[in-house]
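The values are calculated or read from the model by the stated rules, or taken from the named source; none is laboratory data. This structure is a prediction, so every number in the text was calculated from the model and none was measured. Cβ atoms come from the backbone with ideal geometry, glycine included; neighbour counts cover every protein chain shown. In case anyone asks, the SASA skips ligands and DNA or RNA and just uses the protein heavy atoms, side chains included. Shrake-Rupley method; radii C 1.70, N 1.55, O 1.52, S 1.80 Å.
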Amino acid sequence: MLDHLIASAASFSGDVDGLFVLITVLVGVWFIAAEAMFFWLIFRFRAKDGEKAQYVTGKEKHLKKWINIPHALVLVCDVVIIVAAIRVWVTIKQTLPPADRTVRVVAQQWAWTFADPGPDQKLDTPDDIRTTDELHVEVGKTYHFLLESKDVVHSFFVPAFRLKQDADPGRIYTGWFKPTKTGSYDILCAEICGIGHGVMGALLVVDTPEAFQAWEQAHAAETPAEAASATESTPAPAAGQ
Amino acid sequence: MAQHSHEAAHVAGASHDAHHHQNWFQKYCWSTDHKMIGMQYMFTGMAMALLGAFMAYVFRMQLAFPGHAVPGFGLVSPGQYNMLITNHGSIMIFWVAMPVLIAGFGNFLIPLMIGADDMVFPRLNRLSYQLFLLSALVLIASLFVQNGGFGGAWTAYPPLSADKHYNLTPWGSSLWLIAVVLEFVAFLLGGINFIVTSMNSRAPGMKAFDVPIVVWTIVIASILFLASVGPLVAGAIMLLFDQLLGTSFFNPTRGGDPVLWQHLFWFFGHPEVYVVMLPAMGIVAEVMTVFARKKLFAYKTVIYTIIATGVLSFFVWAHHQFVAGIDPRMANVFTVTTLLISIPVAEMCFVYIATLYGGSIRLTTPMLWALAFIAEFLIGGVTGIYLGSSGLDVFFHDTYFVVAHFHYTFFPIAIIAVMSGVTFWFPKMFGRQLNEFWGKVHFWGTIIPFNGIFIPLFILGAAGEHRRIFDYSNFEHMSKPWMIDMRIAATVSLVVMLAFQIPFLINFVWSMFKGPKVGKNPWNANTLEWTADSPPPHGNWAVMPEVHRGPYEYSVPGRERDFWPQDEKV
C-alpha cells in the first residue's frame, strides 16, 4: 500500500509496508465499526416529543457485554500488532546481518558527507572515497553504515528504504540496509538541526555492479592520499565552531 | 488568614471576603475568586490561541506557496519558519491547552461542582495566574529579541537548543526556556490547589463517587502533572545553565549527553498528553449525559480507566525515541506499554458511545461539539497504534503522519472539547445564552475544514514527507504534483477554518453582554454548579448545598422530571 505513495527499495521495506497494511486492516475494522455504531445511536435515539430516555446504569449484564466483548477483542488485536511490530523492529534494528561493505555517514550542519572504503574494502585507509551529498551503493549487497554527527542531533532518513536513525554527537551508531532496486533516492535529515535543516539533503544512488565498479574506479583514482589523515572516526565538535 | 475565613465561611454558609465593595482593580486584577481566575486563564488561553493560529497560517502558506510573500506577514525566511513552528507548538500545548483545560475549567468548575465557596488556597491561586501571565509575556517577548524567537522545535533537543552557536537565537532560546519554567511553576501551584480543594472542601454528603467525572479527570490530571513535571523543570534549568553558564549537562564534547534531555523531556511530555486529554474527556462526559438525558454508562468503570490511563502514561515515553539511538531492546518494552494504553482509552470511548444507547439526544451546540470530539478523537486514537508500533515508527517517525496523528488528538482535546465546555457553561459564566444558530455555523465551519487540513497530511506523511522542512521543492520524492495539491488543500482548509472562528468570536462577545438572560439551570442539569446563581457571586452560594445522590441521575423511572439535581431532597 505504501509502495503506491513512495518507492520501496530495500530488503526490509516490504516488512514495514506489510506491517502498515496489517495495522490498517485491524484498526480500520474497529474504526468503521465504532463510528458506525456511534452514528447509528445518534440517529436512533434522537429526542422525540413525549418520549423519555431509558434509565441505563451500565451495570446491566446484557448491556455490559457490549463493552466487555469488544474490549477483549481489542486486547487480542493489540497482541497481534505487538508481535508483528517487534518482528519488523528486530529485523531492522536489532539484528545486524554480515556486511558485504561498510560505509561511513557523517552529519553536520547542514550537509551529509560519506566515506566509501574504496577498493581495499577498509575504512580509514588512503583509498577511501569521500563524497559530499551523494552516497553510491551497489544493488543486492548488504551494507553496514557507521553513523555520526559532528555538532547537533541529526537523523539519517532514507524514505525509500524505510530507514531512520538519529545521529547524536559523541556516538557512533551501526545500522544496516540492503538495496534491492537501482535508482537514486532522497536522503534527508529528519531531526530539526538549525536554519539549514530544510535543505540538508543528499542522494543515495543504487548502482548496478558494473556502474558501481566504474564509479569506484573513477573516484578512487582522483581521491588524494592525504585525505586518509582526516579524523572522521573521532568526532570532536567544539561548542562554538 | 485566607484558610480560616474560608473554613468559617463554609460552616456558616456565607461567602468569604466578598462583603466589601471591590473596585475594578480588585475585581479584575487582584481577584482571588476561583471563577474570575478560571475565566482569566481561559481568556488568556484564547488570546494565545489566536497567536498560535496566526503562526500556523503563516507557515502553512509558506508550505503551500513556497517563496511567495504571505499576506499579513511577508516573505518567510528559514529561520523565521523554524521560529514559527517551534512557537506554534509551544503556544498551543503550554499556553492554550494547559491553561484552558486544566487551569481554566479546573478553577471555574471544581469549587462549583463540589459545593465549595472557593479554592482552599485562594491567594496561591491568584499567584498561579499571575505567574502564568508573566510566562506568556516572556514568551511573546522572546519573539522580538535579537535574531528572533527560538527555532529548535517545541521539544528543544540539545545541543541545538543548548548552544547559541548552533541555534543562532541567543536571547530567544533562553527566554523561551524561562517562559516554560515559569509556566510550569504556575500550573504546579494551581494543581496543588485542585487536589487539596477537591479532597477537603466537598459539600456535606458528597462521597468520592458522587463527584462529577470532570472533577475526577482534572484532579487525576493534576496528580499526573505533579508527578511528571519535576524532571522537566529540572531538565529545563539544566538546559538554561548549558545556555547561559557554559555547563555541559547535554553537551557531549564536555561529557554531557543529549539523549538525557530527551528522556527528561518525554518523561514529562507523554503524561502531558493525558494531562490535557483527561479533562477533555471529563467535559465531554458531562455534556453528553445532560443532552442525552442519560446516566453515564458505567460511571465507576470510567473512573478506573482514567486512573489506569494515568498510571500507564508514565511507562510509554520512550516511544518518542525509538529511532533516537537508545538501546534497541528498549523499543520492545515500550511498544508493549504503548499499545496497552489503547485498552483503557478504547474502554472510555466504548463507554461514551454506549451512553448514547436509550438516550433522548438533543443536538444543541455543546452536544454537537461533544459528539464531534468522540468521532474525531477516534481517528487520533487509532492512528496512534501505527506510531506506537516500533517497526513502523522506523518509517513514520517525524513525518507528517505524526503531525496529523497528534493534531487529531490535540485538536479534539484543545478545541473541540473546549468549545463543548465553553458553550455548555457559558450561561453559568455570564448569566446569558450564546446564539445557537451562530454556534452551529461555527461548529460546522470548524469541523469540516479541520478534516480537510489533516487527512491530506496523513497521506503526505505516509508518502515520506517529513516535518519541519521549510521548502519541499528541494526534494524530488516530495515534489510530485499530487503532493503539492494536497499541501495547498490543507492550507486552504486552514484558512477557511480560521475564517469561521470570526462568527464565534462575535457571538461570544455579543452574547456576553447582549445574549438572552438565563436562570440558574437552563439545561436542566443535575450537578451542583447549576444550583448557584448565573453567574454565581463571589462565594457561590448564600446557603451551601448538601448532596444526596450521584451526578448523573437523569430519566430516573417513577419521577416526573427527567433530571434529579444532586442537592434536591427526595
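Summary table
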| item | result |
| --- | --- |
| Sole exception among (1) closer than 30 Å to A:Lys164 by Cα; (2) within 8 Å of chain A (Cβ to nearest Cβ); (3) at pLDDT 95 or above for B:Leu371, by number | (1) |
| Identity of the residue in region B:232-280, among the polar types (S, T, N, Q) and touching a Phe, Trp or Tyr at 6+ places or on another chain (Cβ under 8 Å), that ends up nearest to the other protein chains (Cβ to nearest Cβ) | B:Gln262 |
| Enumeration of residues in region A:136-165 that are open to solvent by less than 30 Å² (accessible area, probe 1.4 Å) and over 17 Å from the mean Cα position of the chain (by Cα) | A:His136, A:Val137, A:Glu138, A:Ser149, A:Asp151, A:Val152 |
| Qualifying positions in region B:302-315 - within 13 Å of chain A (Cβ to nearest Cβ) and either touching a strand residue (DSSP E or B) at 6+ places or on another chain (Cβ under 9 Å) or among the aliphatic types (A, V, I, L, M) (or both) | B:Val302, B:Ile303, B:Ala308, B:Leu312 |
| Index of the failed condition, A:Val90 passing every other in (1) open to solvent by 40 Å² or more (accessible area, probe 1.4 Å); (2) more than 7 Å from chain B (Cβ to nearest Cβ); (3) not in a helix (DSSP H, G or I) | (3) |
| The listed residue being of a type in the set (Val, Ile, Thr), under 28 Å from A:Val152 (Cβ atoms) and touching an Asp or Glu at 6+ places or on another chain (Cβ under 8 Å), out of B:Val316, B:Val323 | B:Val323 |
| B:Ala234 part of a helix (DSSP H, G or I) and surrounded by fewer than 22 Cβ atoms within 10 Å (Cβ to Cβ) | yes |
| Test: residue in region B:135-147 that is at positive phi and touching a residue at least 40 places away in the same chain (Cβ under 8 Å) | yes |
| Test set (1) surrounded by fewer than 21 Cβ atoms within 10 Å (Cβ to Cβ); (2) touching a Lys or Arg at 6+ places or on another chain (Cβ under 8 Å) - B:Phe73 fails condition number | (2) |
| Filter result (within 7 Å of chain A (Cβ to nearest Cβ) and part of a loop (DSSP other than H, G, I, E, B)) within region B:320-344 | B:Val323, B:Ala324, B:Gly325 |
| Criterion (more than 9 Å from every other protein chain (Cβ to nearest Cβ) and in a helix (DSSP H, G or I)) met by exactly one of B:Val402, B:Val382 | B:Val402 |
| Residue list for region B:444-479, filter: open to solvent by less than 10 Å² (accessible area, probe 1.4 Å), more than 7 Å from chain A (Cβ to nearest Cβ) and of a type in the set (A, V, I, L, M, F, W, C) | B:Phe450, B:Ile453, B:Leu457, B:Leu460, B:Met478 |
| Filter result (polar (S, T, N, Q), crowded, with 24+ Cβ neighbours inside 10 Å and either at pLDDT below 95 or within 30 Å of B:Thr531 (Cβ to Cβ) (or both)) within region B:396-436 | B:Ser420, B:Thr423 |
| Residue in region B:154-168 that is hydroxyl-bearing (Ser, Thr, Tyr) and without any contact (Cβ under 8 Å) to a residue 24 or more places away in the chain present | yes |
| Strands (runs of 3 or more DSSP E) within region A:152-213 that include 2 or more residues of a type in the set (Gly, Ala, Ser) | A:183-189, A:201-207 |
| Residue satisfying all of: in region A:6-59; of a type in the set (Lys, Arg) and in a loop (DSSP other than H, G, I, E, B); nearest to B:Glu347 (Cα to Cα) among these | A:Lys59 |
| Qualifying residue in region B:201-219 (condition: under 23 Å from B:Phe150 (Cβ atoms) and crowded, with 24+ Cβ neighbours inside 10 Å) | no |
| Count of residues meeting criterion [polar (S, T, N, Q) and either more than 9 Å from every other protein chain (Cβ to nearest Cβ) or touching a Pro at 6+ places or on another chain (Cβ under 7 Å) (or both)] in region A:10-30 | 1 |
| Flag if B:Val145 is surrounded by fewer than 24 Cβ atoms within 10 Å (Cβ to Cβ), of a type outside the set (Phe, Trp, Tyr) and in contact with a helix residue (DSSP H, G or I) (Cβ under 6 Å, 6 or more places away or on another chain) | yes |
| Region A:169-192, residues that are modelled with pLDDT under 95 and among the charged types (D, E, K, R) | A:Arg171 |
| Selected residue [assigned to a loop (DSSP other than H, G, I, E, B) and in contact with a helix residue (DSSP H, G or I) (Cβ under 7 Å, 6 or more places away or on another chain)] from B:Asn507, B:Asn540 | B:Asn540 |
| Members of region B:167-176 found to be surrounded by fewer than 24 Cβ atoms within 10 Å (Cβ to Cβ) and facing chain A (nearest Cβ under 7 Å), listed by number | B:Leu168 |
| Meets criteria (closer than 24 Å to B:Ala56 by Cα and either of a type outside the set (S, T, N, Q) or open to solvent by 10 Å² or more (accessible area, probe 1.4 Å) (or both)) for B:Val120 | no |
| Selected residue (only one of A:Tyr173, A:Tyr185 is touching a residue at least 60 places away in the same chain (Cβ under 8 Å), at the interface with chain B (Cβ under 9 Å from one of its Cβ atoms) and open to solvent by less than 40 Å² (accessible area, probe 1.4 Å)) | A:Tyr185 |
| B:Asn125 vs. criteria open to solvent by less than 10 Å² (accessible area, probe 1.4 Å) and closer than 21 Å to B:Ser173 by Cβ | no |
| Qualifying positions in region B:249-272 - in a loop (DSSP other than H, G, I, E, B) and open to solvent by 10 Å² or more (accessible area, probe 1.4 Å) | B:Phe249, B:Asn251, B:Gly255, B:Gly256, B:Asp257 |
| Any chance A:Ala107 is buried (at least 16 other Cβ atoms within 10 Å of the Cβ) and small (Gly, Ala, Ser) | yes |
| Among (1) among the basic types (Lys, Arg); (2) at negative phi; (3) at the interface with chain B (Cβ under 8 Å from one of its Cβ atoms), the one test that A:Arg101 misses | (3) |
| The one condition in (1) in a loop (DSSP other than H, G, I, E, B); (2) modelled with pLDDT of 90 or more; (3) surrounded by 14 or more Cβ atoms within 10 Å (Cβ to Cβ) that B:Asp533 fails to fulfil | (3) |
| Conditions (1) touching a residue at least 24 places away in the same chain (Cβ under 8 Å); (2) under 23 Å from the mean Cα position of the chain (by Cα); number of the one not met by B:Gly115 | (2) |
